[in-house]
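Worksheet: the structure to be examined is printed underneath.
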Amino acid sequence: MDPNITKALNDKLYDKRKSGALELEGLIREALAATDFDRIQKIVHQLCHEYAYAVHQPHARNGGLIGLAAASIALGPEVARYLEEIVPPVLACFSDQDARVRYYACESMYNIAKVAKGEILVYFNQVFDALCKLAADSELSVKNGAELLDRLIKDIVAESAATYVSIIHGAPEPTAQEGADDQDQPAPEHPTAFSLERFLPLLEERINVLNPFTRTFLVAWITLLDSIPDLELVAFLPRFLGGLFKFLSDHNQDVHTATQVALDRFLSEVRKIARVKRGIAESKKSHGEMDYKRSTSSLQSRADVESEADSSVPPDQRESLDEKDDGSADGASVAADDEKSDSGDGDWVPGQDVHVDHPKILEILVSFLGAPFGDKENHEILLTTLRWIDSFFDICPEDIMPFVPSLLTHVLPRMSHDLDSVRQAANKVNASLMDYIMSLSDDNRRPEGTAGTSIQLPNSLSALGKELTGVERRDSNLSSRLLKTVIQDRADVRSVDSKGTRTPTPAEERGPSPRPIPELDYQGAVNALTLQFLNEHEATRVAAIAWLIMLHRMAPGKILSVEDGTFPALLKTLSDPSEAVVTRDLLLLSQISKNSDDSYFTSFMVNLLKLFCTDRRLLETRGNLIIRQLCVTLSAERIYRTMADCLEKDEDIEFASIMVQNLNNNLITAPELADLRRRLRNLDSRDGQSFFQALFKAWCHNAVATFSLCLLAQAYEQAYQLLQVFADLEMTVNMLIQIDKLVQLIESPVFTYLRMQLLEPEKFPHLYKCLYGLLMLLPQSSAFAALKNRLNSVSAIGYLHIAPRTYVPSSNFNHLRQKSSEAGSPSAPQSAPVSSFARDNRLKTRDDGGPVKWSELLDGFKKTQERARKSQRLASMGEDMGVSPVQEKEKAPEVPPKGVGLRGPPQAAGRPLPMAAGQQAQGHKSRNSLNNLARFAGGGLAGRKKK
């Protein structure tokens, strides 16, 4: 450069530096016109190393920057060969401490890029990185200069990024000899100056910034690159989607709005690509079917024509005609193939060759679902994530299958979120996921032809609940039969149609094969759902159990088996404070029992009784609900039989009495047990008799429940015999309360038949005695008044039909009292208590040899009540005297003979208690010794005082 130019470029005044740059521009134009490229190279080298890199001389740096810009303008299109030396010093000035240097660097790069145009894309990454830093610059002038440069670079990228190939860095031009040799070969594709593969690592690094201005800059560039069709930025979406989602938590509203728009654009593009590919697959499938039909129809028509021609043409001319037909057929097939190859699969559709990594995107979305969200801004990330996941059920539902356990873990808790919008989005995702899983079960069952025997799954949770409760079971069975019939009819039609046509080749049958759907991880899903039982929100727990119900219906053999550890958690869930949770839990337990053997059902009943025994509050608050729901979904008689067998052998007399009372109240009042009550009233059948006896043996733990069971079964004489035993029992407050409730139940619609039977005293004589006996047991109360009024309303009818034959009420009552007081004498077992009023002939035949052994049942009742009395006395003595269990066990072996002789009934000494086996009786020896100790301590002394 001339000395005057160098002096002007080093001046501190901008105008002098500008005039020096203009002189430099003229100098370079002259050198360019003279093709003196060596001088131009020396000038550019001098500007870079003596001026632009002069770190400690700001005026020299400013002069170098304006000089490089002037040189670029002078070079024009020839600047491309010098950009490799011009651009680096300008980029170095972007990070200078002086704001004026940074501004002049932006100005210089603007002029260079304006001249270089597409060639600047070779250095796009370096320019983008510098602009990314300047977007957050504290100096407003620098920021404005950076925005101008950014706008210019965006225009260049939008115009040339997809197609521009650098004239310097591209492939070398072929020589004349190579051009002659490769004249027939297609030209190779040269790499473009801009490459997404080179740019994306930089974007991945910068996407994690926190500055709102830099975030706005990044979102603007992502939106621009996505708007260029040939770049297909959406194919690389997983590489920066996570950082883009984090922008939604920015406090700056501009960043949030721009990011939301960009994400919506990407989602719409992903949905459009999936729709295009699905449409192409369906089009291929339809074309394949049409080609197959066309080929079969042409073969059939050709066969018909040949048959007609053979019949009309002489044999000697057939060979020549066959040769002509073969030639014409070959020509037609070649023409058709050419036409098909020319048309191809149709016109090219934008997006059909773009591959979007859906599983990777879903993995990113699920990771955001699991992140903790506390601030309101973070809720936007959660809400957008849920919307994206819900959209993917329409885009690629088959890719969601591996993420089902993770989705259940994170989506179900969001169904109880504080924000209503998040709750609605989570509910929508949950419903979509459940519908998709259920649709898979329907698709898998149709080809197997098992529609008539498989479980028909409803399309919604409400329908699922209705079907499980039996409301729509008949409709589902009908629909399954119809579906099976339709499938069979279609198979018959296809078999008939295929007889007249040839078998298609595998190539003709092959269509667009869909991707195989991965198998659902049932165990992982069950584990994720079981953990939701601990969630504090009711909606989440209800949804988790609804999922388990649906999954068990789909694969009853894969999950929730007898050996599965989920069963204790399901049993513990019965203690849940939510009634909706308990109801669905019972539906699931009932469903498991239906698909299991008898041992599972028995184990279920035993564990349920153990739960009631340990959690008395659950028995009080939810016992009736649990029993009724189980009776709806399972066999009520089976439940009552199994529980009666367990309670009959239970040694915890107090719990057995409470449990029997609950079962009896449900048996009398529950609408779900109306059929069971009708069966009990019919004791003429063997089933009714065996069921009555099974209940009676367990009901003996509760005297009032046993009496009400006899009233329910219309065994009034047996009920009257029980009242005779009541006279010797201690009338506790609890027992009087139960009698009071029984009187109220007698006035209810359940016992309407009993009140009507009061009009026929000659047919039901012991019914009057039962009700008057209750009246005698009750104190003066409202129940006493109600029962008295009822009996007074029919007393005249009763008096008319009571004959003064041998029936003496007072002597008979005293006689029975005397026999009950002499129950401990050896002669008592030989003469059963018989009233002077003649027994019903039915009961006599039953006692003689019928299925119902009334005397044995009565004896069992007495023994059970005696055991209860001794247990209560032992408990009261233990509290008063403070006797330790060890001392009681030491005294136990010496006491049994005395206890049996003092207060025990005569059957206790010669016959064991009614148990299933002798080993069980031995197993409860310690309990019996405690009872004997109570008899010796309390009953014996009382007996001696009486004597």
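The values are calculated or read from the model by the stated rules, or taken from the named source; none is laboratory data. As the structure is a prediction and not an experimental result, all values here were calculated from the model. In this analysis, Cβ positions are derived from the backbone assuming ideal geometry, glycine residues included, and neighbour counts consider all displayed protein chains. Remember, those area values only see protein heavy atoms, side chains included, never the ligands or the DNA or RNA. Shrake-Rupley method; radii C 1.70, N 1.55, O 1.52, S 1.80 Å.
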Self-check item: Distance between modelled label sites at residue 521 and residue 33, nm, 7 Å Cα→Cβ extension
Solution: 7.6 nm
Practice problem: Please report the relative contact order for segment 520-620, taking Cα pairs under 8 Å with a sequence separation of at least 6, and give it as a percent rounded to a whole number. | Solution: 23 percent
Quiz prompt | Which of 590, 599 is most accessible, then next, and so on - probe 1.4 Å | solution = 599, 590
Quiz item: Which value, in Å² and to the nearest 10, is the accessible area of residue 18 when all protein chains are kept and the probe is 1.4 Å?
Solution: 100 Å²
Quiz item: So how do 7, 16 rank on accessible area, 1.4 Å probe, biggest first, that is with the largest at the start?
Solution: 7, 16
Quiz item: How many nm is it between the label spots at residue 427 and residue 625, if each spot is 7 Å from the Cα in line with the beta carbon?
Solution: 2.1 nm
Practice problem: Using 0.36 nm per residue of separation minus the Cα-Cα distance, give me the extension gain between residue 682 and residue 569 in nm, one decimal. | Solution: 36.6 nm
Quiz prompt | Greater than 29 Å apart at Cα, pairs in 154/246; 133/246; 12/117; 246/284 | solution = 12/117; 246/284
Quiz item: How large, in Å, is segment 520-620 by the Kirkwood hydrodynamic radius built from its alpha-carbon pairs?
Solution: 13.8 Å
Quiz item: Taking segment 586-684 as the region of interest, what is the percent of Cα-Cα pairs per 5 angstrom bin, listed from the shortest bin to the one with the maximum distance?
Solution: 2, 12, 24, 26, 21, 11, 3, 0
Practice problem: With a 1.4 Å probe and every protein chain left in place, tell me how much accessible area residue 768 has, in Å² to the nearest 10. | Solution: 20 Å²
Quiz prompt | Along principal axes, Cα extents of segment 1-168, largest first, whole Å | solution = 41, 37, 21
Practice problem: In debye, nearest 20, what is the charge dipole magnitude of segment 1-168 about its Cα centre with +1 on Lys and Arg Cβ and -1 on Asp and Glu Cβ, if you could check? | Solution: 240 debye
Quiz item: Which pairs break 32 Å Cα to Cα here: 143/360; 769/870; 572/862; 610/769?
Solution: 143/360; 572/862; 610/769
Exercise. For 143, 284, write out the residues from largest to smallest accessible area, computed with a 1.4 angstrom probe and no ligands counted.
Key: 284, 143
Quiz item: How far apart, in nm, are two points set 7 Å out from the Cα along the Cα-to-Cβ line at residue 41 and at residue 280?
Solution: 4.9 nm
